Every structure is written in structure tokens, then in C-alpha cells.
């Protein structure tokens, strides 16, 4: 019996050595995996920039954003139409709708190439307040405007959904020009 006990003593020391080795390898594998993930994100960003430059050269580029400045307004859907192009429809799940409510948060809806001059733009949206009853009617709003795209300059526009005033419950949509060199 004593002999068997003596033979078992070296096993835990051997197992501990392999466990430490295994833990170190696991840490190294985790570090390599994280580095690959970081590289994949960076590569995706660079591919997006190249794609944007090819599909919408800077002098023709129009980028449109959406911001929600009303606490608790959860969008279910937004529809963006530019001139006679097919509408871009963006659907929001609960997480996406809540992300728009974060301070200074905006979503890039669309980047495209367009010609200089006047353009018709329309934003329609549908949503509810987070504390509305399930059977409450949805909030539906549409905003139409005309904007001028300067030649040889990129343009950035933002739709801002907010209150008509600090003391009003009425919803107001504004179209703000963020960037243009004109």
C-alpha cells in the first residue's frame, strides 16, 4: 500500500506542470486570437473606406445621418428617399433604437454619389415611446426638404428628431448641414 502511495506523489507535480503549461498556452492563444480580431476590424474599416471612395468619390459624396434627441423615443423604422431613387428602409430592433438615444449618438444612414445642384430628400419614421402601452398608436412623421449639393465638395446632412420646443410635446424634424466647403 505504501508503494502505491509513493508512486502517486509524483503525479500531482507532473499534472501541475502541465496545467501551468496549458494555462500559458491558453493565454497565448487568447492574445493571438484578440490580435487577429483587432486586425480584422481594422481591415474591415479600411475596406469600407476604399469602397466608399470608389462608390462615392469625395467630390460627389453625400452622407446622411440620423439623430434622435427625444428621451424614450424608440424608432421601429426609418425610410429615406433621395430624389427618384428607391427608398432606403432601416428597421430597428430594441437595442438599435436605444443606441440612438445615447448622448451625442447618430447613425449613418447612407453614403452615396450625387450630382451638384438641388435635391429632394424625405425622411419618414415610425416608433413609440418606451413607456407607451403595447396598444398605443405608433408615432409617425415625415419630413421633406430640398438641399443644394455644392460642386466638387462632399456634403454631410443630419436629420435630427427632437421636440418643437422645451415646453412642447410636439415632435419636430430638422435637416442640418454638417459639412460643406461652399
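Worth a mention:
- 15 Å reach of a label modelled at residue 71, 7 Å along Cα-to-Cβ, counting backbone N of the stretch 107-135: 129-132
- Mean Cβ neighbour count within 10 Å, used as a protection proxy, ranking 35-48, 139-152 highest first: 139-152, 35-48
- Highest mean packing first, where packing is the average number of other Cβ atoms within 10 Å per residue, the peptides 64-76, 110-122 line up as 64-76, 110-122.
- Helix 10-55 axis versus longest C-alpha principal axis of the chain: approximately 20°, rounded to the nearest ten.
- Where only alpha carbons of the chain are counted, the Rg and the Dmax (Å): 27.2, 95
- If the chain linking residue 85 and residue 135 were pulled fully straight, counting 0.36 nm for each residue of separation and taking away their Cα-Cα distance, it would gain 14.6 nm.
- Fully extending the segment from residue 104 to residue 47, taken as 0.36 nm per residue of separation minus the present Cα-Cα distance, adds 17.9 nm.
- Selected from 29, 80, 100 as most flexible by GNM, with the chain as the system and alpha-carbon contacts under 10 Å: 29
- For the chain, the relative contact order comes to 23 percent (Cα pairs under 8 Å, sequence separation of at least 6).
- Model label points for residue 167 and residue 148, set 7 angstrom from Cα along the Cα-to-Cβ axis, are 3.7 nm apart.
Since every read-out is calculated from the coordinates, none of them should be taken as a lab result. Just so you know, these numbers come straight off a predicted model, no measurement behind them. Backbone-built Cβ (ideal geometry, glycine too); neighbour counts: all protein chains shown.
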